[in-house]
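> Dropping the structure in here first, questions after.
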Amino acid sequence: MFKLVQKSNPQKYHETRKTSFLVGNSKQCEIVIGDPQVSDVQAKVGTKDNRYFIKNLGPEPISVNGHPTEGQFINNGDELALGKSKFVIQLAQKGRPGSEQTPTEDKTMVLDTPSDESLGPRLVCTTAGGKSKIIPLKLEKLIIGRSNEVTLKLMHPSISRKHCVIEKHDNSFVARNISTTNPLYLNDQMISEQRLYSGDQLRMGTFSITFISDQPSDARQATQKIMTPAKRSSRGLWLAAMLIFTFSGYLLYMHAYMPWRAQQKLAEIAGQIELGDYLPARDAIKELLLNDLSTDNAQTAKHMLAQITLAITQQKAEKGKIEAAKIILKNYLAEYGHGKEAEALWDRLDYYRLTLGEQRESINQHQSALREYSSIREDSLYFEEAQKAIRRIWLAYQQKNRQKQNVAQLLKEAETHFLAKRYLTPVNKNAFAAYQAVLALNPKHELALQRIEQIKTFYREHGEGYFKKRIWSKALFYFERYSIIDPEAKGVKAKITACRQKMVSAQKDGRASDTRGNKLATNEEKEKREEIQRLLEESGTESSRIMKYLFEEKEGETDPDTPW
């Protein structure tokens, strides 16, 4: 089945079961394009080696994925431009579920109004049955999965709750697998993280997702040929000629033979990965990285090492050895965690930390659980879940010593703390905890509900005031306190993110004004490595800002497995 969907209006399309047909402005063509800039017989589409092939027959140009062509193979999800008309190609193979559809007439007029409208970077999601949906990439981060928390929801057992994320890095888009059980394929190759170019096809479960972009920077560049400068004739300078010959030989060895040898070794390691020989492949990659590799080979090696590490940790986790998997990830990140290919491994480490925290919380090992929760990065996909868990443990402890008090006693204590402005601290001696205990006995108690709203208003108004004055650290202080009471407030969560970004930006600007050139690059690399070491630390209550604030009292501590 061949289907041509109008890009500016996906409701208009033409489909045919023919394996060879003509496309053009003439009614003699099977697919008729109502565009004056399209020739009467513009192109012929046929099959070759079980694949569709398009050939330009007219004087007007055609292009596939933004590249002019006289003839080439075409794939599902490719963008075809004829004149000013643009289409998305959809292919359904014989025998695939959902491919049996009601036959259409051989001749169908597709009235395509030429449009210069650009949809920008976007995804074309196609099901096994051939149904498609266009998703514009307007967000910095688009999460795909079957959870209610994702941006693009795909309901199928082969899709993980959070399967992959499409992120914007500078002016490009990157696809990253965040599933711990299901693979992500790019152009039929399993990946952990990869840059996307227009026409690239992602596959997860039964879904096919094509990345389409009109931006020139997203077009895949053809491999450039290595050009060698012509030798100059230098009559009488025999010594100079010998030096040039020797130097050329050195360059040939270093820039041709050595990269070729490294590529051969990488191909051998790729074969080991396909066979599942992960440990020998990991050792070979690490040995190869000790050599002076070209930039491309070094990047390929690091990407393969990341894939191997993910596969090894997944095997450990499937056997229930999550702690061992976490240690492997930490060892990898301590050495290689500053590269882009490490992002998928950071996500996996945070996922294992969250899982271990939940396991230990379920058996009342609160100190160990809090250590795991507090170690999750603030920009992680799992940060909010971890903060909710910390708050959950804190609230449970707050109520432990109030179970024998009645409403009148609790209300008296709460009012005392409220008037003294002890809203959230100290532990077990604050207004919020006491009012929560009142609501546990009487969920509709008007004064308790009113007081909690007043506490929220206090933190929000002070946060907004400092935010308007651009005093980011103080605004963050009050917004974070508000989020302890109401963690689901989207407006406050957005302000917290904005404050953190402003603070990080200010720190970077300060460093940039103090350093220049190579010194700046060296300092940034050093700071990045120090940041990685900090993120890998797991010192429990001392490592978390929110835990320092909530669990500040340590007097009378008797149980070594409690943080209070």
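The values are calculated or read from the model by the stated rules, or taken from the named source; none is laboratory data. Remember, predicted model here, so these are calculated numbers, not experimental data. Backbone-built Cβ (ideal geometry, glycine too); neighbour counts: all protein chains shown. In case anyone asks, the SASA skips ligands and DNA or RNA and just uses the protein heavy atoms, side chains included. Shrake-Rupley method; radii C 1.70, N 1.55, O 1.52, S 1.80 Å.
> Is segment 134-217 best put as rounded, prolate or oblate by its Cα gyration tensor, with a ≥ b ≥ c the root eigenvalues, rounded for a/c under 1.5, and otherwise prolate when a/b is larger than b/c, oblate when not? Walk me through the numbers on the way to the answer.
On the way: a/c = 1.76, a/b = 1.42, b/c = 1.24.
The shape class here is prolate.
> Can you work out ³J(HN,Hα) from phi for every residue in segment 369-381, in order, using Karplus 6.51 cos²θ - 1.76 cosθ + 1.60 and θ = phi - 60°, giving whole Hz and x for Gly and Pro?
Calculated HN-Hα couplings, in order: 5, 5, 4, 5, 4, 6, 8, 6, 4, 5, 9, 7, 5 Hz.
> Looking at the square roots a ≥ b ≥ c of the eigenvalues of the Cα gyration tensor of segment 324-480, which shape do they give, rounded for a/c under 1.5, prolate if a/b is larger than b/c, or oblate? Display every interim value, and only then the final one.
On the way: a/c = 3.48, a/b = 1.64, b/c = 2.12.
Oblate is the answer for segment 324-480, as a/c is 1.5 or above yet b/c matches or exceeds a/b.
> Another question, then. How much length would be gained if the chain were fully extended between LYS493 and PHE21, taking 0.36 nm per residue of separation minus their Cα-Cα distance, in nm to one decimal?
On the way: separation 472, 0.36 × 472 = 169.92 nm, distance 5.52 nm.
Full extension of this stretch gives 164.4 nm more.
> How large is ³J(HN,Hα), in whole Hz, for each residue of segment 171-176 in order, when computed from phi with the Karplus curve 6.51 cos²θ - 1.76 cosθ + 1.60 and θ = phi - 60°, using x for Gly and Pro?
10, 10, 10, 10, 9, 9
> Please compute the per residue accessible area over segment 251-410 with all protein chains in place, 1.4 Å probe, rounded to a whole number of Å². Walk me through the intermediate numbers first.
Details: 8130 Å² over 160 residues.
On a per-residue basis, segment 251-410 sits at 51 Å².
> Using r as the Cβ-Cβ distance of GLN501 and LYS469, and R0 as 25 Å, what FRET efficiency do you calculate, to the nearest 0.05?
Working: r = 17 Å, r/R0 = 0.68.
Computed FRET efficiency for GLN501 and LYS469 comes out at 0.90.
> Next question, about the same structure. Would you kindly state how much longer the chain becomes between GLU60 and GLN264 on full extension, computed as 0.36 nm times their sequence separation minus their alpha carbon distance, in nm to one decimal? Mind showing how you got there, number by number?
Values: separation 204, 0.36 × 204 = 73.44 nm, distance 4.35 nm.
Here the answer is 69.1 nm.
> Suppose R0 equals 41 Å. What FRET efficiency, 1/(1 + (r/R0)^6) with r the Cβ-Cβ distance, do HIS169 and LYS429 give to the nearest 0.05? All intermediate terms of the calculation are to be shown ahead of the outcome.
On the way: r = 47 Å, r/R0 = 1.15.
Efficiency, from the Cβ-Cβ distance: 0.30.
> What's the FRET efficiency of LEU289 with MET190 using the Cβ-Cβ distance as r and R₀ = 22 Å, to the nearest 0.05?
Values: r = 21 Å, r/R0 = 0.96.
Efficiency, rounded to the nearest 0.05: 0.55.
> Specify the inter-centroid distance of segment 422-453 and segment 342-386, based on alpha-carbon positions, in whole Å.
29 Å
> Give me the distance between the Cα centres of segment 264-323 and segment 157-219, rounded to whole Å.
So the separation of the two Cα centres works out to 21 Å.
> Contour minus end-to-end for ASN50 and GLU358, with contour as 0.36 nm per residue of separation and end-to-end as the Cα-Cα distance?
Numbers: separation 308, 0.36 × 308 = 110.88 nm, distance 5.06 nm.
Stretched out fully, the ASN50 to GLU358 stretch lengthens by 105.8 nm.
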